[in-house]
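The values are calculated or read from the model by the stated rules, or taken from the named source; none is laboratory data. No experiment lies behind these values; they were computed from the predicted model shown. No Cβ is skipped: glycine too gets one built from the backbone with ideal geometry, and neighbour counts run over all protein chains shown.
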Ligand code: N01
């Protein structure tokens, strides 16, 4: 007789399963998944390790954290009244504003009552006998669910610092990905920031205004262009709200899941004169935002084209940063622009003109050691009151592997994916029946506006479950052949670009020992969506299903 979890006693139990669906994560994906499942009458419970909703926006509370997708587009589209009612204060929303929005959505749709907070799922094993997922949490006992959905986000497992002497350091340490809830006051402090990706680039200008002195440790310079954030104007808000339905539909079939004010140019970079090219780069630099990478059609596929966009940014950095040596260190030279995620900044390069900011290049010598009072790098001893780690995440697979997930015959997901993620559409993996991933590896996910991709995946899953319900089906999983072909397609798409040339987290290259391959699907949001639609129209081609009675059958 199995021991029933304390948490499950608080809700009504079904006869076969505790829940039809268990969802892990109450971030943007988990909340919408819960809403849609509940609307469809599916008995669902969400488990969340944090004490509140928000996922990424719950954890990443570092100073300066904000989204670099426009707020009018980084928001749910599923409810017309919600998107008309909500007012965004700025072009790019801050972390507190997004968290406030997600709390508003949670309360507005009364989602909190179906979420178990402060509870981590530690294992999920598929039980062949009962054909359900046996799920354990850190509070003990276990739950049974027919379906199990990982809505745990792509960038949720912070990389932990592995520096000798870490525990000897007596000052305060912070990780941008697990920032304290209360305000941290750095006034009068000497602080270190280690890491210069998006989190570092957003936080450094804000920290420099508060702290007495900031030392930035840079291993690799990241490419960054100005965000040009501005307060939301009535005019811009109105323009979007009046046309939301049309624009959202365009977003769903766009390349990146978002719309840009400046049109993407459909010509190669070298097809225009040097002056014309410079003018186009200048226009996009001045406009700010990700559109810079779409100045020409081939910036991410041809090295010579990319070189022109890269050199323009290097020149701008040299123009902003007064000390030529610092400017050269900040100007990336070792990988194509855009192949690590492009950063959007507000006064990042300008910050290095301040007297209280120093850049330390650790590209050739890593930080050797932490000492009781600071750290040792480049043959120097540094003393700090606080050290901020902005060193990134074990992205895309880290959080999936943190849960002991086992499919048929007890096979571990981690073991199946030892050479890299293997999914069909980034949604499911063969031999792991009835387990879905929202924006999993092999889907556009981090190469898109996450909101657009999350909504698409959530709706795909709910439609799939309704299809199963209508057809008295019990199990669904990918056919191995379909999965293999998709994995190849994801790699082919990446290999047609310059992305594999960078040691990025997209490639798993930031985590020692992680297989080096491009994890998201780069083929475009619209193209991916059409592929999914075509698969559904063809009776869930590539998925195999099993009826409630017995015997496997292809869905077609
Ligand atoms: O992490 P990162 P992040 N010693 O991996 C360095 C999203 N995001 O948290 O490049 C010294 O990009 C590392 O150096 P290197 C966004 O998708 C979005 O900044 O590996 N340095 C790098 O400089 C983003 O891409 C938003 O050589 C070490 C940095 O730490 C993703 O999250 C905001 C080191 C890590 O950069 C991750 O961004 C924030 C070590 N041992 C984040 N280990 C917005 O929407 C690592 N580094 C705006």
Looking only at region 85-97, decide whether some residue is outside any loop (DSSP other than H, G, I, E, B), closer than 21 Å to residue 248 by Cβ and more than 16 Å from the ligand (Cβ to nearest atom).
yes
Name the residue that is farthest from the ligand (Cβ to nearest atom), counting only residues in region 164-199 that are under 24 Å from residue 222 (Cβ atoms), part of a loop (DSSP other than H, G, I, E, B) and under 22 Å from the mean Cα position of the chain (by Cα).
179
Condition first: surrounded by 13 or more Cβ atoms within 10 Å (Cβ to Cβ), touching a residue at least 24 places away in the same chain (Cβ under 8 Å), touching a strand residue (DSSP E or B) at 6+ places or on another chain (Cβ under 6 Å) and more than 28 Å from residue 86 (Cα to Cα). Can you find one or more residues in region 225-243 that meet it?
no
So if I check each of 143, 99, which one is under 14 Å from residue 46 (Cβ atoms) and touching a helix residue (DSSP H, G or I) at 6+ places or on another chain (Cβ under 8 Å)?
143
Is it the case, given these coordinates, that residue 296 is more than 15 Å from the ligand (Cβ to nearest atom), in contact (Cβ under 8 Å) with a residue 24 or more places away in the chain and surrounded by 16 or more Cβ atoms within 10 Å (Cβ to Cβ)?
yes
Kindly indicate whether residue 113 is over 22 Å from the mean Cα position of the chain (by Cα), closer than 13 Å to residue 47 by Cα, more than 16 Å from the ligand (Cβ to nearest atom) and in a strand (DSSP E or B).
no
Scope region 348-370; condition surrounded by fewer than 18 Cβ atoms within 10 Å (Cβ to Cβ) and either out of contact with any strand residue (DSSP E or B) (no Cβ under 6 Å at 6 or more places or on another chain) or in a helix (DSSP H, G or I) (or both); matching residues
350, 353, 354, 355, 363, 364, 365, 366
Between a first residue in region 305-325 that is more than 20 Å from residue 276 (Cβ to Cβ) and a second residue that is loosely packed, with under 15 Cβ neighbours inside 10 Å and modelled with pLDDT under 95, which pairs have beta carbons less than 9 Å apart while being 6 or more apart in sequence or on different chains?
none
Can you tell me which residues in region 32-48 are in contact with a strand residue (DSSP E or B) (Cβ under 8 Å, 6 or more places away or on another chain) and crowded, with 21+ Cβ neighbours inside 10 Å?
33, 34, 37, 44, 45, 46, 47, 48
Quick one: which residue in 444, 478, 515 is crowded, with 24+ Cβ neighbours inside 10 Å and more than 30 Å from residue 297 (Cβ to Cβ)?
478
As an exercise: evaluate residue 430 against (1) touching a strand residue (DSSP E or B) at 6+ places or on another chain (Cβ under 7 Å); (2) over 20 Å from residue 149 (Cβ atoms); (3) more than 16 Å from the ligand (Cβ to nearest atom) and give the number of the one condition it does not meet.
(2)
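Let's see how each residue does on (1) under 30 Å from the mean Cα position of the chain (by Cα); (2) within 16 Å of the ligand (Cβ to nearest atom):
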residue	(1), (2)
348	yes, yes
360	yes, yes
363	yes, yes
374	no, yes
390	yes, yes
409	no, no
(1) in contact with a helix residue (DSSP H, G or I) (Cβ under 9 Å, 6 or more places away or on another chain); (2) surrounded by 15 or more Cβ atoms within 10 Å (Cβ to Cβ); (3) farther than 21 Å from residue 32 by Cα: which one isn't true of residue 133, the others all being true?
(1)
Is it true that residue 209 is surrounded by fewer than 16 Cβ atoms within 10 Å (Cβ to Cβ), under 26 Å from residue 391 (Cα atoms) and away from the ligand (no atom under 16 Å from the Cβ)?
yes
Just to be sure before I move on: is residue 161 in contact with a strand residue (DSSP E or B) (Cβ under 6 Å, 6 or more places away or on another chain) and within 10 Å of the ligand (Cβ to nearest atom) in the structure I sent?
yes
For region 138-163, name all the residues that are over 20 Å from residue 54 (Cβ atoms) and either assigned to a strand (DSSP E or B) or at pLDDT 95 or above (or both).
142, 143, 144, 145, 146, 147, 148, 159
Those strands (runs of 3 or more DSSP E) completely within region 382-437 that have 1 or more residues that are within 16 Å of residue 477 (Cβ to Cβ) are 404-406, 435-437
On the given criteria, is residue 1 more than 27 Å from residue 463 (Cβ to Cβ) and either modelled with pLDDT of 95 or more or not in a helix (DSSP H, G or I) (or both)?
yes
